[in-house]
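The values are calculated or read from the model by the stated rules, or taken from the named source; none is laboratory data. From a predicted model like this one, the values you see are computed outputs, not experimental measurements. No Cβ is skipped: glycine too gets one built from the backbone with ideal geometry, and neighbour counts run over all protein chains shown.
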Amino acid sequence: MNSAESAESADSVAAAYRRHLSTGRAALGEMFGGDVEVASAGAWVRTSTGRELLNCGGYGVFIAGARHPRVLAAVRAQLDRNPVATRLLLEPQAALAAEALASVTPAGLDRVHFACGGAEAVEAAIKLARAHGKRHLVSMVDGYHGKTLGALSATARPVFQDPFRPLLPDVTHVRYGDAAALDAVLAARPGEACVLVEPVQGEAGVVLPPAGYLRAVAESCRSHGAFLVLDEVQTGLGRLGRWWGADREGVVPDVLLAGKALGGGVLPVSALVATEAAFAPFDRDPFIHTSTFSGAPLGMAAVRGAIAAIREDDLVARADRLGTRLSAELTRLCADVLGDAVAEVRGAGLLIGIECAVDGLAGELLLELMEAGVIANHSLNSDRVLRLTPPAVLDDRDVRFLLDAFERAARAVRS
């Protein structure tokens with residue numbers, strides 16, 4: 001593809017976005033240079049103009065990088081056999097994928113319902129809680145659980161909620177990290193609540209709770225008969241340097257939600273994983289909560305490939321080591337180049353947030369990083385936090401490229 005064809009291709013894609021998808025999304029693409037991504041492999045994305053970009057974004061999807069050979073092999077083999085099932089007969093890939101997922105979740109979480117996106121898994125969890133009579137939904141201030149109607153009711157940000165009110169009734173938002181405040185809410189209405197919480201709040205700007213918080217939340221839920229849902233759509237499958245955020249404090253919720261990385265960076269897959277007691281309503285009636293593409297064989301092959309890739313490549317331990325190194329180096333660079341303009345670099349594993357002390361600086365850094373060859377993300381619930389979610393397949397050259405690019409971006413916004 002020559003430069004003229006590349007430019008024409010990018011222009012035509014943007015025009016098609018404006019005609020058929022979203023004028024706002026087209027404008028956002030133009031703000032980031034108007035380039036078009038056309039290929040990916042491992043930690044890198046290639047654009048229509050031939051640029052190579054290090055992918056440290058993707059909202060947590062690419063823990064195993066893009067197009068991991070183990071995942072691709074599983075998906076290609078299944079594509080040639082039976083990509084979408086009838087939903088009437090039993091189908092082996094769903095059973096094998098559920099078995100694989102249950103083998104890496106905390107002990108006792110053995111029952112699985114598959115879906116496609118994270119919000120869909122959240123909706124399933126809310127419905128499962130309601131089937132147990134838990135109709136008081138409790139989530140955390142600045143939490144993010146998706147934008148479908150039920151999930152949006154738990155996503156505590158007015159800018160997303162206000163255009164779509166009324167949402168679900170009887171929803172309470174409690175300050176994240178305040179175990180005592182949550183306990184008081186649950187004590188006031190024993191036996192009625194479903195508590196939805198993230199081990200680390202990603203979209204809030206990578207907010208880590210105080211030590212012991214998740215354990216205290218679980219104890220409060222047990223004491224007051226609440227149904228505990230741990231949303232690990234972004235944090236699970238090695239992102240935090242553990243298989244799950246739950247593992248950091250030995251917590252076993254009633255329901256754990258997985259997604260993003262679950263499809264191996266190849267297909268969209270999410271899942272609800274529950275204890276046998278919590279899952280009972282879905283056991284009794286297989287039609288009470290269904291979806292045409294839930295457990296589709298092609299997605300299930302991706303799940304099996306993803307879990308195998310994470311295990312075989314030791315990506316959980318790699319995420320822990322890489323995260324420790326990157327957090328330390330980014331902290332040093334921010335102090336050296338940006339000084340007081342950065343309030344804090346924080347994170348766990350390869351979920352890293354850089355909180356700016358100046359309005360607009362996070363957006364400027366995002367743009368300058370793209371110019372320097374790195375894709376990062378903003379945080380939907382925190383305008384001041386730049387978020388990095390690199391894959392655990394980074395090698396030393398990739399790490400050096402990221403740090404050099406960040407230094408160039410930091411110097412550019414400082415000048």
Self-check item: Residue that is in contact with an Asp or Glu (Cβ under 7 Å, 6 or more places away or on another chain), in a helix (DSSP H, G or I) and not assigned by TED's automatic domain parsing to the domain that holds residue 343, where the choices are 222, 215
Solution: 215
Exercise. State all residues of the stretch 49-65 that are surrounded by fewer than 24 Cβ atoms within 10 Å (Cβ to Cβ) and in a loop (DSSP other than H, G, I, E, B); if no residue qualifies, say none.
Key: 49, 50, 51, 57, 61
Exercise. Pairs only if they're at least six apart or on different chains, beta carbon under 8 angstrom, first in the stretch 403-415 and closer than 12 Å to residue 370 by Cβ and not assigned by TED's automatic domain parsing to the domain that holds residue 362, second in a helix (DSSP H, G or I) and basic (Lys, Arg); list them, first residue then second.
Key: none
Quiz item: In the list 157, 165, which residue meets the criterion of being touching an Asp or Glu at 6+ places or on another chain (Cβ under 8 Å) and among the charged types (D, E, K, R)?
Solution: 157
Self-check item: Identity of the residue in the stretch 215-235, acidic (Asp, Glu) and under 13 Å from the mean Cα position of the chain (by Cα), that ends up surrounded by the fewest Cβ atoms within 10 Å (Cβ to Cβ)
Solution: 232
Self-check item: Filtered residue count, the stretch 153-171, keeping only those that are outside any loop (DSSP other than H, G, I, E, B), surrounded by fewer than 22 Cβ atoms within 10 Å (Cβ to Cβ) and in contact with a helix residue (DSSP H, G or I) (Cβ under 9 Å, 6 or more places away or on another chain)
Solution: 4
Quiz item: For residue 238, are the conditions met, namely being under 17 Å from the mean Cα position of the chain (by Cα), of a type in the set (Gly, Ala, Ser) and either within 26 Å of residue 393 (Cα to Cα) or modelled with pLDDT of 95 or more (or both)?
Solution: yes
Self-check item: Test: residue in the stretch 156-176 that is of a type in the set (S, T, N, Q) and either more than 22 Å from residue 382 (Cβ to Cβ) or in contact (Cβ under 8 Å) with a residue 40 or more places away in the chain (or both)
Solution: no
Exercise. Evaluate the stretch 114-124: report whether one residue or more is on the phi < 0 side of the Ramachandran plot and more than 18 Å from the chain's Cα centre (by Cα).
Key: no
Quiz item: Do we have residue 204 as outside any loop (DSSP other than H, G, I, E, B), under 30 Å from residue 392 (Cβ atoms) and outside the structural domain of residue 393 (by TED's automatic domain parsing) here?
Solution: no
Quiz item: If you go through the stretch 225-252 one residue at a time, how many are assigned to a loop (DSSP other than H, G, I, E, B) and more than 22 Å from residue 276 (Cβ to Cβ)?
Solution: 10
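Yes/no per residue for (1) in the same structural domain as residue 236 (by TED's automatic domain parsing); (2) at pLDDT 95 or above; (3) touching a Gly at 6+ places or on another chain (Cβ under 8 Å):
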residue	(1), (2), (3)
16	no, no, no
43	no, yes, yes
52	no, yes, yes
58	no, no, yes
Quiz item: Among the residues of the stretch 193-239, how many are closer than 27 Å to residue 57 by Cβ and touching a Pro at 6+ places or on another chain (Cβ under 7 Å)?
Solution: 5
Quiz item: Limited to the stretch 373-397, what total is found for residues that are surrounded by 20 or more Cβ atoms within 10 Å (Cβ to Cβ) and in a helix (DSSP H, G or I)?
Solution: 0
Quiz item: Taking the stretch 336-351 only, how many residues are under 21 Å from the mean Cα position of the chain (by Cα), crowded, with 24+ Cβ neighbours inside 10 Å and among the aliphatic types (A, V, I, L, M)?
Solution: 2
